[in-house]
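Since the structure comes first, as structure tokens, the remarks are kept for the end.
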Amino acid sequence: MLRVEHVMGFPVSVRIDDGAADPAAAAEEVFAWLREVDARFSPFKPDSEVCRLDRGEVLAEDVSADLSEVLELCEHYRVATRGAFDVRLPGRALDPCAVVKGWSVQRAAELLARAGATRFCVNAGGDVVTAGGPWRVGVRHPEQSDRLCTVLEVTDGAVATSARYERGDHIVDGRTGRPATGLLSMTVVARSLTEADATATAAFAMGAEGIEWAASQDGCEVFAVDAERRVLRTPGLPVAA
Amino acid sequence: MKRALPVLALTVAALIPLWRYAPSSGTTETAEAAPSTPTPSASSSSSSSSSSSSGSTTTKTVKGSTVNTSKGAVQVEVTFEGDKISAVRMLRQPNHPQTTAAVPKLISATLEAQSADVDTVSGATITSDGYKESLQAAIDAKGA
């Protein structure tokens, strides 16, 4: 079963091959959850919890357990990157999108697992979470949109990529306030998409030094293309045969 | 400075369980990590020391013996300022994961463009407009 829908401004493909008694219902649960996340956490919707928190209409101690979890993750990565990754940039609205995406799609994968799905693959605008593989996950070439730069084989796990080629200079290095330009592309493989996506974005914000930083994160494998088009990867990266 | 050598011996003794401790070797070996009398198995180089005096406090640097552990040879150098240890430096340490940086050695390659049959594509967050032209859209169209 395959279903594609656009939520949160990007396409989400849900493919369920095995296990779920009612795959269509399981997929619908995923999209309902992602639409709910969009309504609650979008920095572009004035009545979202994120915007109300930013305007002071919701007190920090009154935020929902979900938003609290997201903000804790944001703070963890801000501290871990010494401020390069920061969702509260001076003069800008609170924008936890980078963490919300991975976190919410990982939750979606858990919904599928709870619905009985044993073999599935979710691709949310380029971030991938899988179960019951092997799944062959291509990594888009940073300069040629119709080509790949590597192929990974993932059984149960997640792959996330951060780069500028789709949305331009949207990732800012919180230490300088300027767009991060030290890397062409940063791909992270991890157990969960929460970790993979946040680590990829945070490392991209750090620039070239983000490669070693991401490689040192527990459970993360890295495939990075630096500004000189050099590929650097960890030895444990699951490259497909 | 008579206290220096006992302190040094204790410093080395305290390090030995650390090198012996192997996190991956199971859960029943905690006894091994308990401090025991160090029994260097083989070569033990003699200690040497040097000292310099500046003003009221004396700075003294003492090299410890080389102690062989199951992970390899360990030797420390301890610097004293007066009676206090001001620095401990590893002169020799085993080539073991515990003593190397947590960053794995990265493999370097040149960027290559390839085409391959894949189930899905990871890339920078694509917009709904960009999706139409993307590899993922082609994969989804094929699978639908």
- Item | Test for residue A:241: is it within 12 Å of chain B (Cβ to nearest Cβ) and over 21 Å from residue B:109 (Cβ atoms) | no
- Index of the failed condition, residue A:88 passing every other in (1) open to solvent by 30 Å² or more (accessible area, probe 1.4 Å); (2) in contact with a Leu (Cβ under 9 Å, 6 or more places away or on another chain); (3) within 25 Å of residue A:6 (Cβ to Cβ): (3)
- Could you tell me which of the residues A:203, A:158 is within 29 Å of residue A:94 (Cβ to Cβ) and outside any strand (DSSP E or B)? A:203
- When restricted to A:66, A:22, A:95, the only residue among the charged types (D, E, K, R) and free of Cβ contacts under 8 Å to residues at least 40 places away in the same chain is A:66
- Filtering the range A:224-234 down to residues that are more than 7 Å from chain B (Cβ to nearest Cβ) and either in a loop (DSSP other than H, G, I, E, B) or at positive phi (or both), which residue is surrounded by the fewest Cβ atoms within 10 Å (Cβ to Cβ)? A:228
- Message: Yes or no: the range A:168-179 includes at least one residue that is among the basic types (Lys, Arg) and more than 7 Å from chain B (Cβ to nearest Cβ).
- Response: yes
- Task: Determine if the range A:106-119 includes at least one residue that is assigned to a strand (DSSP E or B) and within 13 Å of chain B (Cβ to nearest Cβ).
- Result: yes
- Message: Quick check on this structure: which one of A:155, A:176, A:187, A:181 is open to solvent by less than 30 Å² (accessible area, probe 1.4 Å) and of a type outside the set (Gly, Ala, Ser)?
- Response: A:187
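Residue-by-condition table, conditions (1) crowded, with 17+ Cβ neighbours inside 10 Å; (2) over 16 Å from the mean Cα position of the chain (by Cα); (3) modelled with pLDDT of 95 or more:
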site: A:127; (1), (2), (3): yes, no, yes
site: A:139; (1), (2), (3): yes, no, yes
site: A:145; (1), (2), (3): no, yes, no
site: A:151; (1), (2), (3): yes, yes, yes
site: A:166; (1), (2), (3): yes, no, no
site: A:207; (1), (2), (3): yes, yes, yes
site: A:236; (1), (2), (3): no, yes, yes
- Residue hits (the range A:14-69; loosely packed, with under 13 Cβ neighbours inside 10 Å and aromatic (Phe, Trp, Tyr)) are none
- What pairs can you find where one residue is in the range B:117-144 and more than 7 Å from chain A (Cβ to nearest Cβ) and part of a helix (DSSP H, G or I), the other is of a type in the set (Val, Ile, Thr) and crowded, with 19+ Cβ neighbours inside 10 Å, and their Cβ atoms are less than 7 Å apart, with a gap of 6+ or different chains? B:139/B:120; B:139/B:121
- Give me the pairs, please: first residue somewhere in the range A:129-146 and more than 7 Å from chain B (Cβ to nearest Cβ), second residue anywhere and among the basic types (Lys, Arg), beta-carbon distance under 9 Å, and either six or more positions apart or on two chains. A:130/A:119; A:131/A:119; A:132/A:119; A:133/A:119; A:142/A:164; A:142/A:229; A:143/A:229
- Message: I'd like the full set of residues that are of a type in the set (Ser, Thr, Tyr) and within 9 Å of chain B (Cβ to nearest Cβ), limited to the range A:180-220.
- Response: A:185, A:187, A:216
- Query: Hey, any hits in the range B:110-120 for a residue that's closer than 30 Å to residue A:216 by Cβ, modelled with pLDDT of 85 or more and among the charged types (D, E, K, R)?
  - Reply: yes
- Message: Testing residue A:98 on (1) part of a loop (DSSP other than H, G, I, E, B); (2) in contact with a helix residue (DSSP H, G or I) (Cβ under 9 Å, 6 or more places away or on another chain); (3) modelled with pLDDT under 95, one condition comes back false. Which one is that?
- Response: (1)
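The values are calculated or read from the model by the stated rules, or taken from the named source; none is laboratory data. Keep in mind that what you see is a predicted model, and the values were worked out from it rather than measured. Note that we place each Cβ from the backbone using ideal geometry, even for glycine, and neighbour counts take in every protein chain shown. Calculation scope for accessible area: heavy atoms of the full protein, side chains included, ligands and nucleic acids excluded. Shrake-Rupley method; radii C 1.70, N 1.55, O 1.52, S 1.80 Å.
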